[in-house]
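All remarks here apply to the structure that follows.
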Amino acid sequence: MKTPDGRSVATATFDFTGGYVTVTVKTVAGGILSPGFHGLHVHQIGKCEPNSVAPTGGPPGNFLSAGGHYQAPGHTGKPESGDLTSLEVRSDGSAYLVTTTDAFNRDVLLGGEGKALMLHGAEGADNAMERVACGVIGTG
């Protein structure tokens, strides 16, 4: 996952077993992310373009080309299908998260336009809704 200015901030892996996916996220550099809980979500489109326009149009912003949170066909409630456990960043900028879901599978993540993993600003901060890091989900 990279920030809008291209700095690597975290790695993420997706492991598929028995109808579940285990998502592991670990920061790779301290001092980039602010301490606190950061929203972590799978987004609709596998693009991570800084200063881009959302698929629905509007003004440009960081990683908007990834669209909104992934929502499985027929699922309309909250939490949304792409909502994952928040990533807690410690005061030194380090973080490690392992979470499991059955809200999507490998075919969903890699099919069509692909999907992106998005990290938002720390909860309660002025930039809580901003997209602060993004990674295209792939097989590499």
Query raised in the report: Of all residues in the stretch 14-26, which are of a type in the set (Val, Ile, Thr), in contact (Cβ under 8 Å) with a residue 12 or more places away in the chain and either within 18 Å of residue 90 (Cβ to Cβ) or loosely packed, with under 12 Cβ neighbours inside 10 Å (or both)?
Result: 24, 25
Query raised in the report: When residue 117 is evaluated against the numbered criteria (1) within 13 Å of the chain's Cα centre (by Cα); (2) over 17 Å from residue 2 (Cα atoms), which criterion, by number, is the only one it fails?
Result: (2)
Query raised in the report: Looking at the stretch 30-41, is at least one residue surrounded by 15 or more Cβ atoms within 10 Å (Cβ to Cβ), farther than 18 Å from residue 111 by Cα and in contact with a helix residue (DSSP H, G or I) (Cβ under 8 Å, 6 or more places away or on another chain)?
Result: no
Report summary line: Inside the stretch 42-91, the number of residues satisfying the requirement of being surrounded by fewer than 17 Cβ atoms within 10 Å (Cβ to Cβ) and basic (Lys, Arg) is 2
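Read-outs throughout are calculated quantities, based only on the coordinates presented, and are distinct from any laboratory measurement. Computed from a prediction, not measured in an experiment: that's the story for all the values here. Here the Cβ is made from the backbone with ideal geometry for all residues, glycine too, and neighbour counts use every protein chain on show.
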